[in-house]
Amino acid sequence: VTASASGEVKGTNNNPLKLEFPFATRFFQIRNTDASNTIRVGFSEAGVQGAETLNYFLVAAGKQSEVLELRCKDLFFNTDHATNTASFQIIAGLTSIERNEFPTLTGSAVGGFEGIG
């Protein structure tokens, strides 16, 4: 269980906040603790910024995501507006798969994964 600092998630004009897990996740659930700003959550920096396509999901202000049974080693966060800020809480279950044993999720043309960005 961890959380961002208040206002730590910046708008899309800024670099996304990157959360690195020590092991691959088994599941996670994100709660948007901001009262008025939606958070974008993705698996790559480009994906969450919507640089080429919209490869992220949204967590509305004051709401939480479903428990997502997904394996990843990093999550990226932006707000859904260029200048707003927000914050979140997250709970995650981890596997025994170490970071260096899990692939880097990327949308690059060679060896990339669709929907990552």
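Does F21 meet the test of being in contact with a strand residue (DSSP E or B) (Cβ under 9 Å, 6 or more places away or on another chain), modelled with pLDDT of 95 or more, open to solvent by less than 70 Å² (accessible area, probe 1.4 Å) and over 20 Å from A5 (Cα atoms)?
Numbers: in contact with a strand residue (DSSP E or B) (Cβ under 9 Å, 6 or more places away or on another chain): yes; modelled with pLDDT of 95 or more: yes; open to solvent by less than 70 Å² (accessible area, probe 1.4 Å): yes; over 20 Å from A5 (Cα atoms): no.
No: the conditions fail for F21.
Checking the conditions here, which among N84, N100 is open to solvent by 30 Å² or more (accessible area, probe 1.4 Å) and part of a helix (DSSP H, G or I)? Outline the logic, then answer.
Details: N84 fails: part of a helix (DSSP H, G or I).
From the options N84, N100, the qualifying one is N100.
Restricting the search to region 36-78, which residues are modelled with pLDDT under 95, assigned to a loop (DSSP other than H, G, I, E, B) and open to solvent by less than 20 Å² (accessible area, probe 1.4 Å)? Hits for region 36-78 are S44, C72.
Restricting the first member to region 93-115 and to residues that are under 24 Å from L54 (Cα atoms), and the second to residues that are of a type outside the set (K, R) and modelled with pLDDT under 60, the beta-carbon pairs closer than 6 Å and six or more apart or on different chains are L105/F113; T106/G112; G107/G117. Cβ-Cβ distances below 8 Å connect the following pairs, each with a first residue in region 49-72 that is among the aromatic types (F, W, Y), a second residue that is open to solvent by less than 40 Å² (accessible area, probe 1.4 Å) and assigned to a loop (DSSP other than H, G, I, E, B), and a separation of six or more residues or different chains: Y56/G50; Y56/G117; F57/S65. Restricting attention to region 1-18, the residues that are within 22 Å of L94 (Cα to Cα) and open to solvent by 70 Å² or more (accessible area, probe 1.4 Å) total 2.
Of everything in region 17-35, what is assigned to a strand (DSSP E or B) and over 12 Å from the mean Cα position of the chain (by Cα)? Give them in sequence order. Working first, answer last.
Filtering region 17-35 down to residues assigned to a strand (DSSP E or B) leaves 17-20, 23-32.
Within region 17-35, F23, A24, T25, R26, F27 meet the criteria.
The values are calculated or read from the model by the stated rules, or taken from the named source; none is laboratory data. The shown structure was predicted, so the numbers you read here are calculated from the model rather than taken from an experiment. Cβ coordinates were reconstructed from backbone atoms using ideal geometry, including for glycine residues, and neighbour counts include every protein chain displayed. Ligands, DNA and RNA are stripped out before the accessible areas are found, and what is left, the full protein with its side chains, is counted by its heavy atoms. Shrake-Rupley method; radii C 1.70, N 1.55, O 1.52, S 1.80 Å.
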